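K.L.:
Quick one: structure below, then a few questions.
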Amino acid sequence: NPRVFSWLLDYKPEVSLVWERDGYLCKARLDMAVEQATIIADLKTTITASPEGFARQIAKYHYHAQAAWYVDGMERLTGKPWRFWLIAAEKQRPFLVSCHHIAPNSIAMIVGRQECDTAFELYKTCQTKRNWPGYEDSVEVELPAWAIHEEEDDVTVPLDI
């Protein structure tokens, strides 16, 4: 029913948010914000927009954490409660579209907020210690066993080394 989602027609696209949390600047880039409905919406392409299939995508790609981050940022900036919707558009025919609401007090939003809090604490620790997790700067590389041939004729070595 097109009238159910007519609120989507009066939105601000690509809204940038910047707010402070614990003395750190935080950012977000919303696909759309519908001020009169206090709704944040994000468009996602997907293989399936079905409720069950897209719920798996939400979990796999941590869209629930994105929802929590966006809602928390918007609420800090406006002082009003906001809701989060994902608009799922299928990549293949018949290109079905569905809207998925992550409710403010849902398990998905609570878990998403916990994931954001954990990531934010790690960020603060890394900033303070000036130490970021990752790979070593330089490692000596060896070929994997499957890439080394036993027969000399199969190995070509450049002569100008």
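K.L.:
Does D72 fit the bill of being in contact (Cβ under 8 Å) with a residue 60 or more places away in the chain and over 13 Å from the mean Cα position of the chain (by Cα)?
P.N.:
no
K.L.:
Given the options D160, D153, D137, name the one that is in a helix (DSSP H, G or I), modelled with pLDDT under 90 and loosely packed, with under 11 Cβ neighbours inside 10 Å.
P.N.:
D153
K.L.:
Give all pairs with beta carbons closer than 6 Å in which a residue from the stretch 38-53 that is closer than 24 Å to P13 by Cα meets a residue that is open to solvent by 40 Å² or more (accessible area, probe 1.4 Å) and outside any strand (DSSP E or B); count only pairs at least 6 apart in sequence or on separate chains.
P.N.:
From residues that are closer than 24 Å to P13 by Cα, the pairs are T38/K80; T45/K91; T46/Q57; A49/L96.
K.L.:
OK, next. Check G79 against each of (1) surrounded by fewer than 16 Cβ atoms within 10 Å (Cβ to Cβ); (2) modelled with pLDDT of 95 or more; (3) at negative phi and name the one condition it does not meet.
P.N.:
(3)
K.L.:
Output yes when any residue across the stretch 41-58 is open to solvent by 60 Å² or more (accessible area, probe 1.4 Å), in a helix (DSSP H, G or I) and within 25 Å of F120 (Cα to Cα), and no when none is.
P.N.:
Yes, the stretch 41-58 contains at least one residue that is open to solvent by 60 Å² or more (accessible area, probe 1.4 Å), in a helix (DSSP H, G or I) and within 25 Å of F120 (Cα to Cα).
K.L.:
To continue, here is another question. Filter the stretch 104-122 down to the residues that are surrounded by 12 or more Cβ atoms within 10 Å (Cβ to Cβ) and of a type in the set (A, V, I, L, M), then identify the one that is farthest from A59 (Cα to Cα).
P.N.:
Kept after step one, since they are surrounded by 12 or more Cβ atoms within 10 Å (Cβ to Cβ), are these residues of the stretch 104-122: 104, 106, 108-117, 119-120, 122.
From what is left, the residues that are of a type in the set (A, V, I, L, M) are 108-111, 119, 122.
On the way: A108: 9, M109: 11, I110: 13, V111: 10, A119: 16, L122: 21 Å.
Ranking the qualifying residues of the stretch 104-122, first place goes to L122.
K.L.:
Right, next: Looking at the stretch 82-103 only, could you name the residues that are open to solvent by 80 Å² or more (accessible area, probe 1.4 Å) and either of a type in the set (G, A, S) or in contact (Cβ under 8 Å) with a residue 40 or more places away in the chain (or both)?
P.N.:
Within the stretch 82-103, R83, K91, Q92, L96, V97 meet the criteria.
K.L.:
Out of curiosity, is T125 farther than 30 Å from T46 by Cβ and either hydroxyl-bearing (S, T, Y) or surrounded by 13 or more Cβ atoms within 10 Å (Cβ to Cβ) (or both)? Before you say what the answer is, go through the steps one by one.
P.N.:
Numbers: farther than 30 Å from T46 by Cβ: yes; either hydroxyl-bearing (S, T, Y) or surrounded by 13 or more Cβ atoms within 10 Å (Cβ to Cβ) (or both): yes.
Against the criterion (farther than 30 Å from T46 by Cβ and either hydroxyl-bearing (S, T, Y) or surrounded by 13 or more Cβ atoms within 10 Å (Cβ to Cβ) (or both)), T125 qualifies.
K.L.:
Which of the residues belonging to the stretch 54-104 are closer than 17 Å to A37 by Cα and in contact with a Gly (Cβ under 7 Å, 6 or more places away or on another chain)?
P.N.:
A67
The values are calculated or read from the model by the stated rules, or taken from the named source; none is laboratory data. Quantities reported herein were computed from a predicted structural model and do not represent experimental measurements. Every residue, glycine as well, gets a Cβ built from its backbone with ideal geometry; the counts of neighbours run over all protein chains shown. All accessible areas refer to the heavy atoms of the entire protein, side chains included, with ligands and DNA or RNA removed. Shrake-Rupley method; radii C 1.70, N 1.55, O 1.52, S 1.80 Å.
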